[in-house]
Amino acid sequence: MRWTLKPKPDSHKVNNLVSLLKVDHLIATLLVQRGIETFEQAREFFRPSLDDLHNPFLMKDMDKAVSRIESAIANGENIMVFGDYDVDGTTAVSLVSSYLKSYYPNVATYIPDRYDEGYGISYKGIDYADDNGISLIIALDCGIKSIDHVAYAKERNIDFIICDHHRPGDTLPDAIAVLDPKRDDCSYPYDELCGCGVGFKLIQALAENRNQTIDDLMIYLDLVATAIAADIVPMTGENRVLAKFGLEVINSNPRPGIKALIQNVKKKVLTITDVVFIIAPRINAAGRIKHGNAAVALLTEYDLDQAEQFASEIEKYNSDRKDLDKQITIEALDQIEINEETLRFSTVVYNPNWHKGVIGIVASRLIETHYRPTIVFTKSGDKLAASARSVKDFDVYNALEAVSEHLEQFGGHMYAAGMTLKEENYQNFKNAFEKVVAETIHPDLLIPEILIDAEIDLSDINERLVRLLNQFEPFGPLNMTPNFITKNLKDTGYAKQIGNEQEHLKLFVKQNNSEGFGAIGFGVGNKLESVTNQKPFDAVYCIDENEFNGNVTVQLRLRDLR
């Protein structure tokens, strides 16, 4: 791994914050690194408030969307809420449909089948709407490029409202309203919302129109926080506000579906990390293994007993998903020639029998071993479908755009994308993609990087520091958990490998005569030899709290050591 110490920020800005906030130099440094330079910015960061949310009507077409929904309700029209089958899509559908159903009954939901219909708005979904007398479709987390689908619906007198957060193409669909803060002509102040976040802005606008307040919408924030965590959008601005208050709902009074998913978790307070690793994979598993409808059923169920039944089915899907992605990862790794891989700048693999629902996870797993922009293909009907994942700072969406003549369709963003192509175009695509990546990627980006916020001594770690670092939560992109480097550490003789395959490292470290700290390193068990027999070493870590038998102790979570 590359260890990169962030440049020291402007000392004048740091000293100014030290004076304004009465915090120590380290905390002020961490804040300035995150773009927080004034008292007001620090207040918003440490004390996020629902009052900081922007007026939803600042989003282009929001007035048109609200007007069309209100006229549908006034005229007794049937409304369909349509969304993608992943966490962002299913939470968004659950959010908007349950809000509308709170005062209007004629609302149906539709999640496309991952295998039969694929990603995004589908002709089958539009036909379903046509057959069932539905005249308005609200599409969430998809639709920004569905020009032909929206035209097809219009021929059948079905209107569309698009709520998306992906990058638009050159032409927008001919919908009644297109809500997407990434539109070039949209001046909404924050453009990093996830799909469920855009859905929340829609219900916020509807609520405002009905003289409801933000307090009336608190019950939906557990869904929004789950989507923000799962979609790995920047933890800044509105996302940070919505995630913070959504986490409070998850920890205090979650909807029955989420309560059923977390009731066996032995933690007093769940963090965004817990949402990412506990709640999100289970919701995702429904669409991967069975059908996204199972996730919507869980998230919109108000009876706890029924929710527990749904949750236990989803737990089974998640278990199946784990088995599948483990097996396919092994097969994909076998397909990659190690010697060839050192010469290649990308990884593209294909097997017609791989399960379409887990190829995105497999792509991420392959990056852990072969750190390259990665695409995993499988057979889907008469075409090949794939999921792409990228390495830090490389825009895989742009790379796909450059070779799009080989593709049937594609969509996504900088770090993740999906695509389909004809089988006969696979090899040409693979060669073209490799050529584009080779010509555009900086060699440094082929080595995983750990960004280090600051160098500190163990003696700098105290209760006040830990308390203030906890207030940096919720963590996520652009507000990652701070990483520190401490040099000349020694293990006190307790170092050992743990885990089923001895893949983790547990030790107790000291620096000179400082107070010692327990440390855990996930995935660094192979470095045991580096720390035995009092050998001095440097470590990159974040400061963590370990909860065991009701006792909470400070520990170092090791990222790497040398």
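Observations on the model:
- Scanning the range 470-481 for residues that are open to solvent by less than 20 Å² (accessible area, probe 1.4 Å) and under 23 Å from residue 368 (Cβ atoms) yields a count of 1.
- All conditions but one from (1) more than 25 Å from the chain's Cα centre (by Cα); (2) in a helix (DSSP H, G or I) apply to residue 343; the one that does not is (2).
- The set of residues from the range 380-406 being in a loop (DSSP other than H, G, I, E, B) and either buried (at least 17 other Cβ atoms within 10 Å of the Cβ) or among the small types (Gly, Ala, Ser) (or both) comprises 381, 390, 391, 394, 403.
- Checking the stated criteria, residue 467 turns out to be open to solvent by 20 Å² or more (accessible area, probe 1.4 Å), within 27 Å of residue 237 (Cβ to Cβ) and not polar (S, T, N, Q).
- Residue in the range 393-401 that is in contact (Cβ under 8 Å) with a residue 24 or more places away in the chain, in contact with a helix residue (DSSP H, G or I) (Cβ under 8 Å, 6 or more places away or on another chain) and over 25 Å from residue 164 (Cβ atoms) present: no
- Residues that are open to solvent by less than 20 Å² (accessible area, probe 1.4 Å) and part of a strand (DSSP E or B), drawn from the range 60-81: 79, 80, 81
- Close contacts from the range 146-171, counting a first residue that is under 26 Å from residue 414 (Cβ atoms) and free of Cβ contacts under 8 Å to residues at least 24 places away in the same chain and a second that is crowded, with 20+ Cβ neighbours inside 10 Å and hydrophobic (A, V, I, L, M, F, W, C), with Cβ to Cβ under 6 Å and a gap of 6+ residues or different chains, come to 162/139; 162/175; 162/178.
- Residue in the range 535-551 that is surrounded by fewer than 17 Cβ atoms within 10 Å (Cβ to Cβ), part of a loop (DSSP other than H, G, I, E, B) and charged (D, E, K, R) present: yes
- From 138, 126, residue being under 30 Å from the mean Cα position of the chain (by Cα), β-branched (Val, Ile, Thr) and under 26 Å from residue 230 (Cβ atoms): 138
- Only one of the listed residues (121, 126, 162) is touching a Leu at 6+ places or on another chain (Cβ under 7 Å) and crowded, with 19+ Cβ neighbours inside 10 Å. That residue is 162.
- Scan of the range 387-432 for residues that are at pLDDT 95 or above, under 16 Å from residue 86 (Cβ atoms) and of a type in the set (A, V, I, L, M), ordered by number: 388
- Members of the range 416-441 found to be outside any helix (DSSP H, G or I) and either within 11 Å of residue 399 (Cα to Cα) or in contact with a Phe, Trp or Tyr (Cβ under 8 Å, 6 or more places away or on another chain) (or both), listed by number: 417, 418, 419, 420, 421, 441
- Any chance residue 508 is over 20 Å from residue 459 (Cα atoms) and of a type in the set (Phe, Trp, Tyr): no
- Residues that are among the basic types (Lys, Arg) and part of a helix (DSSP H, G or I), drawn from the range 448-491: 464, 467
- Scanning the range 54-112 for residues that are in contact with a Lys or Arg (Cβ under 7 Å, 6 or more places away or on another chain) and farther than 26 Å from residue 412 by Cα returns a single hit, 107.
- For residue 515, the stated conditions hold: it is of a type in the set (D, E, K, R) and assigned to a loop (DSSP other than H, G, I, E, B).
- With respect to (1) part of a strand (DSSP E or B); (2) free of Cβ contacts under 8 Å to residues at least 40 places away in the same chain, the lone exception for residue 505 is condition (2).
- Filter pass, residue 369 being in contact (Cβ under 8 Å) with a residue 24 or more places away in the chain, open to solvent by 20 Å² or more (accessible area, probe 1.4 Å), among the hydroxyl-bearing types (Ser, Thr, Tyr) and under 19 Å from residue 336 (Cα atoms): yes
- Residue list for the range 82-118, filter: of a type in the set (D, E, K, R) and either buried (at least 21 other Cβ atoms within 10 Å of the Cβ) or more than 30 Å from residue 377 (Cβ to Cβ) (or both): 84, 86, 88, 101, 114
- Among the residues making up the range 416-445, those that are surrounded by 19 or more Cβ atoms within 10 Å (Cβ to Cβ) and closer than 22 Å to residue 6 by Cα are 441, 445.
- Some residue of the range 39-52 being touching a strand residue (DSSP E or B) at 6+ places or on another chain (Cβ under 9 Å) and farther than 27 Å from residue 101 by Cβ: yes
The values are calculated or read from the model by the stated rules, or taken from the named source; none is laboratory data. Note that the structure is predicted; figures quoted are calculated from it, not measured. Note that each Cβ is placed from the backbone with ideal geometry, even for glycine, and that neighbours are counted across all protein chains shown. When the accessible area is computed, the model is the full protein with side chains, heavy atoms only, and any ligands, DNA or RNA have been set aside. Shrake-Rupley method; radii C 1.70, N 1.55, O 1.52, S 1.80 Å.
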